[in-house]
1. Test each condition in (1) surrounded by 15 or more Cβ atoms within 10 Å (Cβ to Cβ); (2) in a loop (DSSP other than H, G, I, E, B); (3) without any contact (Cβ under 8 Å) to a residue 40 or more places away in the chain for residue 145 and report the one that comes out false.
2. Would you mind stating whether residue 45 is closer than 26 Å to residue 108 by Cα and either part of a helix (DSSP H, G or I) or not β-branched (Val, Ile, Thr) (or both)?
3. If you take the residues in region 20-42 that are assigned to a helix (DSSP H, G or I) and among the β-branched types (Val, Ile, Thr), which one is most open to solvent (accessible area, probe 1.4 Å)?
4. Being among the aliphatic types (A, V, I, L, M) and closer than 21 Å to residue 136 by Cβ is true for just one of 20, 74, 58. Which residue is that?
5. Looking only at region 148-178, which residues are β-branched (Val, Ile, Thr) and either over 17 Å from the mean Cα position of the chain (by Cα) or open to solvent by less than 50 Å² (accessible area, probe 1.4 Å) (or both)?
6. For a quick check of your reading of the model, give me the residue pairs whose first member lies in region 1-23 and is among the polar types (S, T, N, Q), whose second is at pLDDT 95 or above and in a helix (DSSP H, G or I), with beta-carbon atoms closer than 6 Å and at least 6 apart or on different chains.
7. Quick check on my filter: what residues within region 47-93 are crowded, with 21+ Cβ neighbours inside 10 Å and among the small types (Gly, Ala, Ser)?
8. Tell me which residues, restricted to region 107-131, are surrounded by fewer than 18 Cβ atoms within 10 Å (Cβ to Cβ) and among the hydrophobic types (A, V, I, L, M, F, W, C).
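The values are calculated or read from the model by the stated rules, or taken from the named source; none is laboratory data. Every value quoted in this text rests on a predicted model; they were computed, and no experiment measured them. Cβ: placed from backbone, ideal geometry, glycine included. Neighbour counts: every protein chain shown. For the accessible areas, the whole protein counts, side chains as well, though only heavy atoms, and no ligand, DNA or RNA atoms are used. Shrake-Rupley method; radii C 1.70, N 1.55, O 1.52, S 1.80 Å.
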Amino acid sequence: MTYAKQKLSIKTQTLAAIGAVAAAVILPQLFHLMGAISGTGTALGETFLPMHLPIILAGLLAGPYVGAVSGLLAPLLSFMLTGMPSAAMLPFMMIELCVYGLTSGLLRNVKMPTVAKVAIAQISGRGVRAVAILLAVYAFGNNAIPVAIIWNSIAAGVFGIVLQLVFIPLVVYRVKNR
């Protein structure tokens, strides 16, 4: 039986979700700490997108349930513990990361290069987030989030997006071939 065909136990899925959520809370704090030390503030987190890495990995390695739940809970737990992301951004981050985890998990057993799976997850997550922001602004009159944040976050996170496209396939390859 190959790695992609193996069914993970509930215990393994639970541990994977806990690990992904923990990493998605801790990694951004490390980047914010480095930003505080270097004087760049939160810019390092916005550039490297450290919360996205463990969520996409969780989906690819443990499946859609683990990915979606991890993506939904990580921003919420991070907000409760650290106040980040901001209250205005929290629902959009929860939606985005949930879609990242769900999409990468649904693609887990699909025969295609891992880099393509990561790209599809990234496009899906950012696309759903953009739709949610547009709905909030135009359908519900939410003025707390400017529409320009859709493009600004993509532009600011280009390095992180590329990092995900390179790093995640390497980790998945390493795990599959251990």
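1. If we test residue 145 against (1) surrounded by 15 or more Cβ atoms within 10 Å (Cβ to Cβ); (2) in a loop (DSSP other than H, G, I, E, B); (3) without any contact (Cβ under 8 Å) to a residue 40 or more places away in the chain, just (3) comes out false.
2. Answer is no for this residue.
3. The extreme case among them is 37.
4. 74
5. Result: 149, 150, 161, 168, 171, 172, 175.
6. These pairs meet every condition: 13/62; 13/66.
7. 58, 59, 62, 63, 67, 68, 70, 71, 74, 78 - these are the residues of region 47-93 that are crowded, with 21+ Cβ neighbours inside 10 Å and among the small types (Gly, Ala, Ser).
8. 110, 112, 115, 116, 119, 120, 123, 131, listed by residue number.
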